[in-house]
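Visitor: For reference, the structure I am asking about is given below.
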Amino acid sequence: MKNVKNYLVDMDGVLISGDRVIPGASKFVDRLNASQGKYLVLTNNPIYTAKDLAHNLQKMGLKIPPELIFTSAMATAQFLQKQRPNGTAYVIGESGLTSSMHEVGYIITEHDPDYVVLGETNAFSLENLTKGIRLIIDGARFVATNPDPSGPTAMGIVPACGAVAAMIEKATGVSPFFIGKPNPLMVRTALNYLGVHSEETIIVGDRMDTDIIGGVQNGMDSILVLTGVTKPEQIERYSYIPTHVYKSVAEITVN
């Protein structure tokens, strides 16, 4: 990795798992902070704001400021603002998503919205999902923050945005437009945010189907760590491969 100067680093399954820090992650972040390059924590988790995430990570011993965290909720809000400035949306999600929508000037409403925007929440409501389904059938556009069908926690795998989106798609016949990884849009937005080039940047993640393919689609090298969703025996099932595979970020040398 001699040409690597910059890092796009996933959070869940790479730096943390639920409410615990993955062994070696703290020293890896210290190496990033001390390096000459740039880095960004690029997460598909849309539940929390960047400030919330930074606070939680710092309490866990990971010294990452909020300006170095970019979420799928932030990417979704920026995309919608470019598509339909100052529009309206019915939002199914937590404060990380609703705050991002408000910050770009969007109004959150259930009355004839331009979009139904699905994120993740710790308590999905059948009432909210039903309202979203009816609005989509009535003509609202369907956007979702991220396609992850599941995610790692300290207690094990839990269903994520992609799984709920599939249910809504089945009920409406309308496919969502996913913003988060592996959509190249999110990775390019992150590269632009950092002001760096893909050839000098590597993406670090725990999922073949979001992180690693996101790197492949953007012409980037990639590192798969085995502390999250993808297991070693699953790697060969894919038609693409990561540039490097490590047991955890503890093994990654930062230039």
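Visitor: Over what distance in Å are the Cα centres of the stretch 171-190 and the stretch 12-63 separated?
Guide: Rounded to whole Å, the Cα centres lie 23 Å apart.
Visitor: Please give me the summed charge of the neighbours of THR210: other residues whose Cβ is under 13 Å from its Cβ, Lys and Arg +1, Asp and Glu -1.
Guide: Counting the neighbours of THR210, the net charge comes to -4.
Visitor: For the chain, what's the relative contact order in percent, using C-alpha pairs closer than 8 Å and at least 6 residues apart?
Guide: So the answer I get is 22 percent.
Visitor: In which sequence would MET11, MET101, MET155, MET60 go, from the one with the fewest C-beta neighbours within 10 Å to the one with the most?
Guide: Neighbour counts put them in this order, fewest first: MET155, MET60, MET11, MET101.
Visitor: Going by average Cβ density within 10 Å per residue, which order do the peptides 178-184, 15-21, 213-219 take, highest to lowest?
Guide: Answer by packing, highest mean first, reads 178-184, 213-219, 15-21.
Visitor: Take the cross-link list LYS5/LYS27; LYS27/LYS59; LYS27/LYS63; LYS38/LYS63; LYS131/LYS181; LYS131/LYS170 and give me the ones stretching past 20 Å between alpha-carbons.
Guide: Violating the 20 Å limit, Cα to Cα: LYS131/LYS181.
Visitor: Still on this model: Give, rounded to the nearest 20 debye, the magnitude of the charge dipole that the stretch 119-255 has about its Cα centre when Lys and Arg contribute +1 at Cβ and Asp and Glu contribute -1 at Cβ.
Guide: Dipole of the stretch 119-255, to the nearest 20 debye: 380 debye.
Visitor: If you place +1 on the Cβ of every Lys and Arg and -1 on the Cβ of every Asp and Glu, how big does the dipole about the Cα centre of the chain come out, in debye to the nearest 20?
Guide: That gives a dipole near 420 debye.
Visitor: Oh, and also: Given the chain, what whole percent of its Cα pairs are spread farther than 31 Å?
Guide: Tail of the P(r) past 31 Å holds 22 percent of the pairs.
Visitor: Can you find, among SER100, SER175, LEU118, the residue farthest towards the positive end of the dipole of the stretch 84-178? Put +1 on the C-beta of Lys and Arg, -1 on that of Asp and Glu.
Guide: It is SER175, whose Cα lies furthest towards the positive end.
Visitor: Can you compute log10 of I(q)/I(0) for the stretch 84-178 with the Debye formula, treating each Cα as one identical point scatterer, at q = 0.13 Å⁻¹?
Guide: The Cα Debye sum returns log10 ratios of -0.41.
Visitor: Compute the acute angle (0 to 90°) between the alpha-carbon long axis of helix 161-172 and the principal axis of greatest extent of the alpha-carbon atoms of the chain; round to the nearest 10°.
Guide: Result, in degrees: 30.
All of the numbers you see were taken from the coordinates with simple rules; none came from a lab. Remember, predicted model here, so these are calculated numbers, not experimental data. Neighbour counts are summed over all protein chains in view; Cβ atoms, including those assigned to glycine, are modelled from backbone coordinates with ideal geometry.
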